[in-house]
Amino acid sequence: MVPAIVLAIVHAKRDIWGTMYIKRKKEWVYRDGDRTVKVPRYVYRLCEKLPGQKETTVLWLGELEGFEAKADRDELCRTLESLITTGQFQPDLFGGREWIHERAMALYSEWKAKEDSSVPASPKVPARQKDLVEKELMTIRKSSFRTLQSRSVGAEHICYSTLKDLGLADFLRERGWSDKKIKYAMIQVIARSVHPASELATANYVQQNSAVCELLGVDPAKVTKDVLYSSAKSLEKLYSDIEDFFHRRMVSLFDGDDSILVMDLTNVFMEGRMEGSGVFKYGRSKEKRYDCKIVGLAAVVTEKGLLVRTRLFAGNIQDVTTLQGVMASIGGQDPAPEGRRTVIIDSGFCSADNLKWLKENNYDYITVRRSHGDEELTPEGEPVAIRDRDDSYDITLQKVKAAGEQDTLVLVKSDGKRAKERGMDSRLVQNYEDGLKAIKAGIGKKGGTKKRDKVLQRLGRLKERSRGIHSCFRVEFTYDKDNTDRVTGMTWEADAEAMEERFGGHGQYVIQSSISDGAKPIWDLYNSIRIVEEAYKTLKLDLEIRPVYHKTDKGAEAHIALALMAYWVVSVTLYRLKESGITVRWKRIVEIANSQQRVTVAVERQDGKEYRTRTTTEPEALLSEIQRSLGISPKPVCFFVKQAAQNTETIKGPPPKLQRDG
């Protein structure tokens, strides 16, 4: 028989460790406001008695209001003992109560903070750990080490921490949701943040790849697609209120200043016909998916990139008609900051009616002025030359005046924008001329299109695709003398004056603002428009808000609401990291955090029996930096796996199962 290699590890056996218990002490204190009369009060402390040692106080608990019943104190004691001795919580076999668990977590955090602050600098093993090692050792086979049930927990831990700070559980509990339903909702939002997918794919991910259920103490087998469908629709019904609640929490958490708001409108396309839909309509798709129906999504964010308000609109709605409704819904959700809010919008929202409405409702604005034809602009003051934020091209800012206009106008000339627009128009000119050549070739060859109506139809379709460049060309046809319905020739030439007007305006635009300020400050504020564009980029690329595969409006709206809730988690997390100097995309954060796993470690003892324990891997350097910046623990507190909690000394068998919560 091969001799066993002896390794010493701690075998967590509570009958050898001893037990913890709560002791009560009666004290006499003066009655409030009366120094002549004393009244009794009871204070509590968590104690521990190890074999062969004196009783020690682990944690002072104070008066423990609400724990008058001994059964409640016993459950609190069991929860605290599990947390302190293992760093994890083993649900009570008869079902733990949520309010007791929350109180235990608060007390454990207090104990942990004191323990962390009192760690000695010397590398000596603390007396308590040394005693435990000496009390229980076991001999195992080195070659028998196995790891089982590896599940990602790092990204889930980050999202769970942010979601607790946003207070989603508190909000839903106030609305009468059960603890079980709240946990399902939080699991769904967390999963959507780290692994955006359909409800079916999310259920598979939760059951097979993620430890999110261990964070919340839920049996993964119960998280089915039907449960997630129901949860998503329930959340969608409350989303508007959740959005307001999150915004207020954000303001209180970060001392938020929402005096500057940025609004924009994008759209989300869906796969399928969606016949009879009230919101999905054919319209101008941002992704050029003109074959798909779309829904409009308006968003207002702060200059920090945090959401303030979102609204869904029919896909065929015009941007200019959405501004007043969205901004009016913000006015009543919380008190306005001192002074006037400033709204930053692009030219799609710029109309005389909208600007007038903003002024009347105590808003300043900065927008791109719509073209007024041959409007004459008079320079005012000296131009300001600057470089763009990447220092890659020159920009000239010039304050100007227009007849009858009271707002501040800033003419912007950008070399980078000029080069981009010139390249785009040059491509349009080439495509238009190629199309004209194709039409002419059809006229001249046998079997080609020669009928007048068909030729004009081809030209009309070409003009439709030209984005206005056709106005820079003059096209003429010649017809058969005997049959005027037959085209015999075609010529065209570029209109030099129209070309000069089109290409001469490249790289120029006018910023219009109700704020009386210099050209540079106004231009800097206008560039905040990039913040909402970045928010849409995160929603579409990182959280995969589109395409939508649902077949009903309710299902699609629930899908979008869930993506927006996930964006709250992501944006708050990224903002905190940015404050600490960490600026990376969310997908990269998830990749780094997924290196931390929950695993079951199994080893074979010398007597042939197997010992298993469930643990979390140590965070790697990059993840540790992220966790420190977010102020979260390097190892999440998780619910025990049933067999590991029972100190498994069983013959090899199937992997352990999570103990089901209450």
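What is the percent of Cα-Cα separations in region 429-490 that go past 19 Å?
Counting every Cα pair in region 429-490, those more than 19 Å apart make up 28 percent.
Note down the net charge around C638, summing +1 for each Lys or Arg and -1 for each Asp or Glu among other residues with Cβ under 11 Å from its Cβ.
+2
Please report the carbon-and-sulfur percent of the accessible area for region 340-398; probe 1.4 Å, protein heavy atoms only, DNA, RNA and ligands left out.
Here it works out to 43 percent.
Take N361 and T396, extend 7 Å from each Cα along the Cα→Cβ direction, and tell me the distance between the two endpoints in nm.
Each label point lies 7 Å from its Cα, and together they span 3.8 nm.
Compare D241, D453 by solvent-accessible area with a 1.4 Å probe and give them largest first, with all protein chains kept in place.
Per-residue accessible area, sorted high to low, gives D453, D241.
Put a dot 7 Å past each Cα toward the Cβ at T484 and T56; how far apart are the dots in nm?
The answer from the label model is 10.9 nm.
Set the Förster radius R0 to 35 Å, insert the Cβ-Cβ distance between D607 and K112 as r into 1/(1 + (r/R0)^6), and round the FRET efficiency to 0.05.
E(calc), rounded to 0.05, equals 0.45.
Using a 1.4 Å probe, how large is the accessible area of K142, given in Å² and rounded to the nearest 10?
120 Å²
Angle, helix 415-444 long axis vs. longest principal axis of the chain, Cα atoms, 0 to 90°, nearest 10?
The two axes meet at around 60 degrees.
Within region 494-517, which residues have the backbone N less than 12 Å from the label spot 7 Å out from A385 along Cα→beta-carbon, could you tell me?
Label zone hits: none.
Per-residue accessible area for T583 at 1.4 Å probe radius, Å² rounded to 10?
Its accessible surface works out to 100 Å², give or take rounding.
Compactness ratio of region 535-612: Cα Rg over 2.2 N^0.38 Å, N = residue count?
Cα-based Rg divided by the globular estimate yields 1.74.
So what's the net charge close to L411: Lys and Arg +1, Asp and Glu -1, counting the other residues with Cβ under 14 Å from its Cβ?
For residues surrounding L411, the net value is +1.
For E275, E63, what's the largest-to-smallest order of accessible area, 1.4 Å probe?
Solvent-accessible surface, decreasing: E275, E63.
Of all alpha-carbon pairs in region 142-264, indicate the percentage at a distance above 20 angstrom.
Here the long-distance tail beyond 20 Å is 49 percent of all Cα pairs in region 142-264.
As a test of reading the structure, rank E557, E493, E243 by solvent-accessible area (1.4 Å probe, protein chains only), most first.
Correct descending sequence by accessible area is E493, E557, E243.
Per residue, how much accessible area does the chain show when a 1.4 Å probe rolls over the protein heavy atoms, in square angstrom?
52 Å²
Using only the alpha carbons, work out the radius of gyration and Dmax of region 321-478 in angstrom.
Rg, Dmax (Cα atoms, Å): 23.3, 76.
Which value in nm describes the separation of the simple spin-label points at K578 and N431, placed 7 Å from the Cα toward the beta carbon?
Placing both labels 7 Å along Cα→Cβ, they lie 3.4 nm apart.
For an R0 of 41 angstrom, estimate the FRET efficiency from the Cβ-Cβ distance between T491 and S259 and round to the nearest 0.05.
Taking R0 as 41 Å, the efficiency between T491 and S259 is 0.10.
I'd like to know which of A298, I187, G460 lies farthest towards the positive end of the charge dipole of the chain, counting +1 on Cβ of Lys and Arg and -1 on Cβ of Asp and Glu.
I187
Just one of (1) 3, 15, 24, 25, 19, 10, 3, 1, 0, 0; (2) 3, 13, 17, 14, 9, 6, 5, 5, 5, 4, 4, 4, 3, 3, 3, 1, 0, 0; (3) 3, 12, 18, 19, 16, 12, 9, 6, 3, 2, 1, 0, 0 is P(r) over Cα pairs in 10 Å bins from 0, in percent as worked out from the coordinates here. Which one is it?
(3)
Using only protein heavy atoms and a 1.4 Å probe, report how much of E236 is accessible, in Å² to the nearest 10.
We get 50 Å² for E236.
Which entries in the list K23/K112; K222/K635; K288/K578; K304/K417; K520/K540 go over 29 Å, if you measure between the two C-alpha atoms of each?
Cα-Cα > 29 Å for K288/K578; K520/K540; rest within.
According to the square roots a ≥ b ≥ c of the eigenvalues of the Cα gyration tensor, what is the shape class of region 212-276, taking rounded for a/c under 1.5, prolate for a/b larger than b/c otherwise, and oblate for the remainder?
Cα axes put region 212-276 in the oblate bin.
Over the chain, what is the relative contact order in percent, taking alpha-carbon pairs closer than 8 angstrom and at least six residues apart?
17 percent
Once both axes come from the Cα atoms, what is the angle between helix 98-117 and the longest principal axis of the chain, in degrees from 0 to 90, rounded to 10?
80 degrees
log₁₀ I(q)/I(0) of region 453-582 at q = 0.11, 0.22 Å⁻¹, via Debye over equal Cα point scatterers, no solvent, to two decimals?
Evaluating at q = 0.11, 0.22 Å⁻¹ gives log10 I(q)/I(0) of -0.81, -1.22.
Using DSSP, restrict attention to beta bridges with both residues in the chain and report what percent are antiparallel, rounded to the nearest 5.
90 percent
Rule-of-thumb check for region 212-368: C-alpha Rg over 2.2 N^0.38 Å?
1.24
Counting only protein heavy atoms and using a 1.4 Å probe, what share of the accessible area of region 204-324 belongs to carbon plus sulfur, as a whole percent?
46 percent
Could you tell me whether region 227-311 comes out rounded, prolate or oblate from its Cα gyration tensor? Rule is a ≥ b ≥ c as square roots of the eigenvalues, rounded for a/c under 1.5, then prolate if a/b exceeds b/c, otherwise oblate.
Since a/c reaches 1.5 but b/c is at least a/b, the shape of region 227-311 is classed as oblate.
What FRET efficiency do you get for Y290 and V43 if R0 is 51 Å and r is their Cβ-Cβ distance, rounded to the nearest 0.05?
Approximately 0.10, to the nearest 0.05.
Restricting to DSSP H runs of at least four residues, report the calculated mean residue ellipticity at 222 nm for the chain, -39500 (n - 2.57) per run over all residues, nearest 500 deg cm²/dmol.
Computed ellipticity for the chain at 222 nm equals -12500 deg cm²/dmol.
When we measure straight from the Cα of K454, which aspartates and glutamates land under 17 angstrom away, once same-chain ones fewer than 8 places off are left out?
Result set, ordered by chain and number: E464, E476, D480, D485.
The values are calculated or read from the model by the stated rules, or taken from the named source; none is laboratory data. As the structure is a prediction and not an experimental result, all values here were calculated from the model. All Cβ positions, glycine included, derive from the backbone under ideal geometry; neighbour counts span all protein chains shown. Keep in mind that these areas ignore ligands, DNA and RNA; they rest on the heavy atoms of the full protein, side chains included. Shrake-Rupley method; radii C 1.70, N 1.55, O 1.52, S 1.80 Å.
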